[in-house]
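*Asks:* Structure incoming, see below.
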Amino acid sequence: MPDLIVSVNHRLSQDEGLRRIQAAVAQAKVQYSDKIDELREGWDGYVGTFQISAQNLQASGTVIVNPSDVTKLLTRLLSIFTTPSTAVATV
């Protein structure tokens, strides 16, 4: 079960919504390359999965491009502090 679900309505075609999200991810990789340690994405049709780590935070989730909305399911957000023995899960 996801920790956070966000849906945003749109009036685009499903293909255009997908194209814009993929373009935004590509732009974020370039624009925030100094802050993002790793950003992996994979797409199966209109469903994308992602994993990101940046500035000691890790997150993963799913993006679903529906005909009238985009739904983001955040499944994990983990913050790692200075010592390996201490990890705090944050939602």
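The values are calculated or read from the model by the stated rules, or taken from the named source; none is laboratory data. None of the values given here were measured: they were computed from a predicted structure. Note that we place each Cβ from the backbone using ideal geometry, even for glycine, and neighbour counts take in every protein chain shown.
*Asks:* List, please: which pairs have Cβ atoms under 6 Å, are six or more places apart or on different chains, and start with a residue in region 45-58 that is of a type in the set (A, V, I, L, M, F, W, C) and end with one that is outside any strand (DSSP E or B) and at pLDDT 85 or above?
*Replies:* The qualifying pairs are 54/35.
*Asks:* When region 53-91 is examined, which residues are found to be part of a strand (DSSP E or B), of a type in the set (Ser, Thr, Tyr) and either exposed (fewer than 11 other Cβ atoms within 10 Å of the Cβ) or at pLDDT 60 or above (or both)?
*Replies:* The answer is 53, 60, 62, 71, 75.
*Asks:* Report whether or not residue 45 is of a type outside the set (S, T, N, Q) and surrounded by 15 or more Cβ atoms within 10 Å (Cβ to Cβ).
*Replies:* No; evaluated as a whole, the condition is false for this residue.
*Asks:* Does region 18-32 include one or more residues that are among the hydrophobic types (A, V, I, L, M, F, W, C), in a strand (DSSP E or B) and at pLDDT below 95?
*Replies:* No, the conditions are met nowhere in region 18-32.
*Asks:* Return yes or no: is residue 13 at pLDDT below 90, out of contact with any strand residue (DSSP E or B) (no Cβ under 8 Å at 6 or more places or on another chain) and not aliphatic (A, V, I, L, M)?
*Replies:* Working: at pLDDT below 90: no; out of contact with any strand residue (DSSP E or B) (no Cβ under 8 Å at 6 or more places or on another chain): yes; not aliphatic (A, V, I, L, M): yes.
Answer is no for this residue.
*Asks:* Here is a further query. Going by the structure shown, is residue 21 surrounded by 11 or more Cβ atoms within 10 Å (Cβ to Cβ) and within 13 Å of residue 72 (Cβ to Cβ)?
*Replies:* It is true that residue 21 is surrounded by 11 or more Cβ atoms within 10 Å (Cβ to Cβ) and within 13 Å of residue 72 (Cβ to Cβ).
*Asks:* Could you list, in sequence order, the residues of region 24-42 that are surrounded by 13 or more Cβ atoms within 10 Å (Cβ to Cβ) and within 11 Å of residue 63 (Cβ to Cβ)?
*Replies:* Correct list: 25, 41.
*Asks:* Could you say which residue among 30, 25 is in contact (Cβ under 8 Å) with a residue 12 or more places away in the chain and closer than 22 Å to residue 54 by Cβ?
*Replies:* Going through 30, 25 in turn, just one is in contact (Cβ under 8 Å) with a residue 12 or more places away in the chain and closer than 22 Å to residue 54 by Cβ: 25.
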